[in-house]
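S.K.: Could you have a look at this structure, given as structure tokens, before my questions?
Where a number appears in this text, it was derived from the coordinates with a stated rule and is not lab data. None of these values were measured; they are calculated from a predicted model. When we count neighbours, we look across all protein chains shown, and the Cβ atoms used for this are built from the backbone with ideal geometry, even at glycine.
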Amino acid sequence: MTGLVLGIDIGGSGIKGALVDLNVGDFASERVRIPTPKKSTPEKVAAVTARIVQHFADQLDDTTPIGVTIPAVVTHGVVRTAANIDKAWIDADGKKIFEEVIGRPITLMNDADAAGVAEVQYGAAKGHPGFVLVTTLGTGIGSAIINRGVLVPNTELGHIELDGHDAETQASSGVKSKLGLSYSEWIPRLQRYYSHVEGLFWPDLFVVGGGISKNASKFLPKLKLKTPIVAAELKNRAGIIGAAWMAADSLENPDVV
Ligand code: BGC
């Protein structure tokens, strides 16, 4: 895939965007960040996203693709869930809402799917020939399953049931901060989570992303798994880069996401 694409990553605290050069899998501009509105309704989030597009307006031509991530299930442009964003998103026609405010076509996708695709295209699992399971540890737990380079979208493995609980409420890095857990207190929770996911999916490789992956050396080596587990490489650029990649890909394969 070639060319410049605008990637936008909508997170719990910030909405970030940059132009991405897909030939190298990295930013081709500065990164712009605007805080996510406190009440993250579709209208408010779309308005901030439009400001980011506006920021890059001079650098876009009529055909520049735009990819946007959201921390929710997205099927064919429609947002289906809202674990960590305003509930008004549930069943909202996200693609249409963004396009009306932005005035250009966009591709909308799950945030962890975008980050996962970026790690397989350009990062820790670059060129991996088999089954890669990417998890993102943040406020929630996101997941992406990529087998032989092809994404199975919207896997939502942060919400598997673990000991009677929604897994992300036990093992995310958000829970670590909320409860003030030390690494040694948090690691058994991660162990329980990854052992369970491993037993259900048996991937060839786990990649662990999300903000806390910058401190991966403090917890990944402590996990006892049969599957290799490595830290994501693209760090906080993965969402934007993956959004851009998926937007360009969806031009070639419309209606896939
Ligand atoms: C959401 C996922 C999202 C993940 C990471 C979960 O709570 O259900 O869709 O990918 O958080 O943001």
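S.K.: Three principal axis extents, largest first, for the C-alpha atoms of region 124-233, in Å?
M.R.: Cα spread of region 124-233 along its principal axes, largest to smallest: 38, 29, 23 Å.
S.K.: Still on this structure: Using per-residue counts of other Cβ atoms within 10 Å, averaged over each peptide, order 139-149, 91-101, 34-44 from highest down.
M.R.: Final packing ranking: 139-149, 91-101, 34-44.
S.K.: Next up: Give the relative contact order (percent, whole number) for the chain; include only Cα pairs under 8 Å separated by 6+ residues.
M.R.: The value is 22 percent.
S.K.: Right, another one. Would you be so kind as to identify which of Ile146, Gly158, Pro188 lies farthest towards the positive end of the dipole of region 124-233, taking Lys and Arg as +1 and Asp and Glu as -1 on Cβ and the Cα centre as origin?
M.R.: Checking the options against the dipole of region 124-233, the answer is Pro188.
S.K.: Rounded to the nearest 0.05, what FRET efficiency is calculated for Gln59 and Asn23 with R0 set to 22 Å and r the Cβ-Cβ distance?
M.R.: E between Gln59 and Asn23, to the nearest 0.05, is 0.85.
S.K.: So, one more: Taking 7 Å along the Cα-to-C-beta vector as the label spot, tell me the His76-Lys218 distance in nanometres, rounded to one decimal.
M.R.: Label at His76, label at Lys218, 4.5 nm between them.
S.K.: Something else: Structure shown: which of Lys178/Lys235; Lys44/Lys214; Lys39/Lys235; Lys16/Lys218; Lys38/Lys96; Lys95/Lys214 lie over 24 Å apart, alpha-carbon to alpha-carbon?
M.R.: Table pairs above 24 Å Cα-Cα are Lys44/Lys214; Lys39/Lys235; Lys16/Lys218; Lys95/Lys214.
S.K.: What angle do you read, to the nearest 10 degrees and between 0 and 90, between the alpha-carbon axis of helix 42-55 and the longest principal axis of the chain?
M.R.: 70 degrees
S.K.: Something else: Measuring from centroid to centroid over Cα atoms, what is the spacing of region 212-254 and region 40-90 in Å?
M.R.: If we compute the Cα centre of each part, the gap is 20 Å.
S.K.: Another question, if that's okay. How do the peptides 13-25, 117-129 rank, highest first, by the average count of neighbouring beta carbon atoms within 10 Å per residue?
M.R.: 117-129, 13-25
S.K.: As a check on your grasp of the helix formula, calculate [θ] at 222 nm for the chain: sum -39500 (n - 2.57) over DSSP H runs of n ≥ 4, divide by the residue count, round to the nearest 500.
M.R.: Calculated from helices alone, the mean residue ellipticity at 222 nm is -9500 deg cm²/dmol.
S.K.: Hey, another quick one. Taking the Kirkwood radius as the inverse of the mean 1/r across Cα pairs, report the Rg/Rh of the chain.
M.R.: Here the Rg-to-Rh quotient is 0.95.
S.K.: With labels modelled as points extended 7 Å from the Cα through the Cβ direction, what inter-label distance (nm, one decimal) is found for Lys126 paired with Ala47?
M.R.: Between Lys126 and Ala47, the label points sit 4.1 nm apart.
S.K.: Determine one quarter of the surface area of the Cα convex hull of region 41-185, which equals its mean projected area, and express it in nm² to one decimal.
M.R.: Average projection, Cα convex hull of region 41-185: 10.7 nm².
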